[in-house]
Amino acid sequence: MTLIDLANPSKFLALTARVLPWLAGATAILLLVGLYQAAMAPDDYQQGATVKIMFIHVPNAWLSMFVWGVMSIAALGTLVWRHPLADVAAKAAAPIGAAFTFLALVTGSLWGRPMWGTYWEWDARLTSVLILFLMYLSLMALWRAVEDPSRAARAAAVLTLVGAINLPIIKFSVDWWNTLHQPASVMRMGGPSLDKAFLIPLLVMAVGFSLLFMTLHLAAMRNEILRRRVRSLQMMQASQQAA
Amino acid sequence: MTSLGPYASFIVTSYALVAATVLILIGWIALDYRHQKERLRELETSGVTRRSGRQATEI
């Protein structure tokens, strides 16, 4: 099956039915291994056991940006290549991305209270991630507000590409401004500064959460294709009844 | 496994919130799938077929 074949929703649905059980199984195994490694990881010499929050906070924070990146590529697919599944992919990803961003904010806040002495600080990293969360919510509202899917797709694609400007701001906010949030410790020049005892469980959890996203995204895309099929059949039914 | 120390409530709450949110996402997607299949079955019963001539619920 070539990439062009996947432009056909029926072929995409057939592929999804085959792939989803394997993806779900791999996700469950990796997350279980990651959780076990996180539980067994030693305490940090400064943070104590609160370092365990890192194993769920960081993957959610990475995915909050990664999902918007996926949606930005899908937005290009809608506007430039007019790929039939591009808007389906973007619309299905938005609530999942919003959930990951919400979890990054909340777990960060719960980590910040014992370490920084505050749940929230209006610094550049926290504020830019909050803006990302609000953008996810506005995109979801836009898709619901515009009834015609093709009009909604174009408007959402433009908004997604405008919102992509926020991604480098989030990534480099800790370097450009003086923030309470710590600078990057994994994706940085010179390699990760984390000890292997923390880095390995963190990477396992990150891959596990990435597979979770892929599983949920494929399932949500399948639902969106079926929803659009329902809509077109209802329109056919209405026009037959009117004739 | 080491003790979670004086900030155990923050750690446990974080993990519980992540688990609850992921379970809600999975449940919402599974329910949505059932709902869409149900709507397609209803349309199929009422005699509507796709332009290709295939049944509404057929892949």
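Note on region B:13-28: among residues that are more than 18 Å from A:G208 (Cβ to Cβ) and surrounded by 14 or more Cβ atoms within 10 Å (Cβ to Cβ), the one that is farthest from the other protein chains (Cβ to nearest Cβ) is B:W28.
Sub-7 Å Cβ pairs linking a first residue in region B:29-49 that is closer than 28 Å to A:M214 by Cβ to a second residue that is of a type in the set (S, T, N, Q) and outside any helix (DSSP H, G or I), at least 6 apart or interchain, are B:K37/B:T57; B:L40/B:T57, ordered by first then second residue.
Is there a residue being among the hydrophobic types (A, V, I, L, M, F, W, C) and surrounded by fewer than 18 Cβ atoms within 10 Å (Cβ to Cβ) anywhere in region A:71-78? Yes, region A:71-78 contains a residue that is among the hydrophobic types (A, V, I, L, M, F, W, C) and surrounded by fewer than 18 Cβ atoms within 10 Å (Cβ to Cβ). In region A:55-169, which helices (runs of 4 or more DSSP H) lie fully inside it and hold 2 or more residues that are of a type in the set (V, I, T) and under 30 Å from B:S9 (Cβ atoms)? Those helices (runs of 4 or more DSSP H) span A:86-116, A:124-145.
Looking at A:M40, A:M54, A:M1, can you tell me which residue is at pLDDT 95 or above and either aliphatic (A, V, I, L, M) or surrounded by 14 or more Cβ atoms within 10 Å (Cβ to Cβ) (or both)? Being at pLDDT 95 or above and either aliphatic (A, V, I, L, M) or surrounded by 14 or more Cβ atoms within 10 Å (Cβ to Cβ) (or both) holds for just one of A:M40, A:M54, A:M1, which is A:M54. Residues that are under 17 Å from A:Q46 (Cβ atoms) and assigned to a helix (DSSP H, G or I) within region A:170-198 comprise A:A197, A:F198, listed in sequence order. Being surrounded by fewer than 21 Cβ atoms within 10 Å (Cβ to Cβ) and under 22 Å from A:M187 (Cβ atoms), is that true of even one residue in region A:18-30? Yes, that holds for at least one residue.
The values are calculated or read from the model by the stated rules, or taken from the named source; none is laboratory data. Everything numeric here is computed off the predicted structure, so don't read it as measured data. So basically every Cβ, Gly included, is an ideal-geometry build from the backbone, and we count neighbours across all protein chains shown.
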